[in-house]
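The values are calculated or read from the model by the stated rules, or taken from the named source; none is laboratory data. Bear in mind that the values here come from a model prediction, so they are computed numbers and not experimental data. Keep in mind that these areas ignore ligands, DNA and RNA; they rest on the heavy atoms of the full protein, side chains included. Shrake-Rupley method; radii C 1.70, N 1.55, O 1.52, S 1.80 Å.
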Amino acid sequence: AANQTQNICTWFERRHHADSKSGAEIAPFFFVKLLISLCRTLLFHPLSKGRKLVALSRFLRWQVASRLLPPDGEFALPWVGLPKLLVKRGFHASTACLYLGLPEFESMTFLLHLLRPGDLFADAGANAGTYTVLASAVCGAHSLAFEPVAEAAALLKANVALNGIGHL
């Protein structure tokens, strides 16, 4: 879901800055294909079973609400028990957590079942820190999180601070 959401948002950004006529003709088909793929992901995700309308409504509410936030606005989402996750417009990996809970269901549930308190978890390319928060705040593991992109690293640090994860 994160990749489909990112592609749709990227399409919107390109659509607003489209210079060539050929790009404008192809873009609507591309957008519709991505939107169908995203809807399939939302509707058939394992955590959407029996809650399909909830997943769709979360997606639609975020799409509207994120446009009402200031450009640098963040929203603290209660996530997987006690931890919270900051979501911010443009950070598709963390916003997918808003619609789906665990967007990368197999990987994230494997992590939740595998890690124990005191284990060491390395999160290379941590982005906003969804896996870091799962590993440290939920499982109690020690995490090493690396994020080279400054804006993503700032959101990662904010998520670490929000959850009081001091054993990184």
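A few remarks follow.
- Span from the segment 115-168 Cα centroid across to the segment 26-88 one, whole angstrom: 22 Å
- Subtracting the Cα-Cα distance of Lys157 and Phe105 from their residue separation scaled by 0.36 nm leaves 16.3 nm.
- Segment 64-103, relative contact order in percent, only Cα pairs under 8 angstrom and at least six apart counted: 29 percent
- Solvent-accessible area, 1.4 Å probe, carbon plus sulfur percent, for segment 42-168: 65 percent
- Summed over the residues of segment 27-81 and divided among them, the accessible surface reaches 67 Å² per residue at a probe radius of 1.4 Å.
- Under-5 Å amide H pairs with Asp119, H placed in peptide plane, nonlocal only: His142
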